[in-house]
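One structure is given below, encoded as structure tokens.
The values are calculated or read from the model by the stated rules, or taken from the named source; none is laboratory data. Not measured: the values here are computed from a predicted model. Please note: Cβ atoms are built from the backbone with ideal geometry, for glycine as well, and neighbour counts cover all protein chains shown. Remember, those area values only see protein heavy atoms, side chains included, never the ligands or the DNA or RNA. Shrake-Rupley method; radii C 1.70, N 1.55, O 1.52, S 1.80 Å.
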Amino acid sequence: MTTNLSAQMEEDFDLQDHRWNNRVLLVFSPNSIHTDLTATMEMVENNRKGFTERDLKVFQVLGNIGTSSGDEVLNNNDAKNLREQFDVAPSEFKIILIGKDGTEKLRSEEAITKTKLFEVIDAMPMRRLEMKGDG
């Protein structure tokens, strides 16, 4: 178990690992009790099926502390790097959607609705192909 934990801690989070496989929703918040964070995570929890269908993974960065999403962990260094990469101060709330192509698709300074998020994703050319293939 110690070896697994050490190996996991040594691996830095890299958005490129998700390219062409997942869409990524980065949720930056100054703390864990921010009202927009609470609303966003409630929306995520209530729409798991839609997130899974859209290959969407969610990662939180609280201040300069990262959290985990499933089997991936954002360490504090990863959190700091993501804040720098996307120019988000530790005191700010921001939601950033990254498409499967690795580019930023949406940026919001407040909680977003499932409808808005899914509309943006479902309008993406790659998502349209995915939906066409499912039908």
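For the set M41, M131, the ranking by accessible area, highest first and with no ligand, DNA or RNA atoms included, is M131, M41 under a 1.4 Å probe.
Once the Cβ-Cβ distance between T67 and T115 is put in as r, and R0 is 25 Å, what FRET efficiency do you end up with, to the nearest 0.05? So, using R0 = 25 Å, E works out to roughly 0.50. The calculated 222 nm mean residue ellipticity attributable to helices in the chain amounts to -12000 deg cm²/dmol, summing -39500 (n - 2.57) over DSSP H runs of n ≥ 4 and dividing by all residues.
For the stretch 15-62, the square roots a ≥ b ≥ c of the C-alpha gyration tensor eigenvalues yield an a/c of 1.5 or more together with a/b not exceeding b/c, which makes the shape oblate.
Here's the list of lysines a cross-link from K100 could span, going by alpha-carbon distance under 22 Å and ignoring same-chain residues fewer than 8 apart: K49, K57, K114, K116, K132. I need the fraction of alpha carbon pairs in the chain separated by more than 17 Å, rounded to a whole percent. When every Cα pair of the chain is considered, 59 percent fall beyond 17 Å. Among K105, K132, K94, K57, the sequence by solvent-accessible area, most first, with a 1.4 Å probe is K132, K105, K57, K94. Distance between the modelled labels on R48 and N77, one decimal in nanometres: 3.3 nm (7 Å Cα→Cβ projection). Among DSSP beta bridges whose residues both lie in the chain, state the antiparallel percentage, nearest 5. Of those bridges, close to 65 percent are antiparallel. If you build a Gaussian network model of the chain, linking Cα atoms that sit under 10 Å apart, which residue out of L106, L56, L97 swings the most? Among L106, L56, L97, the largest mean-square fluctuation in the Gaussian network model of the chain belongs to L106.
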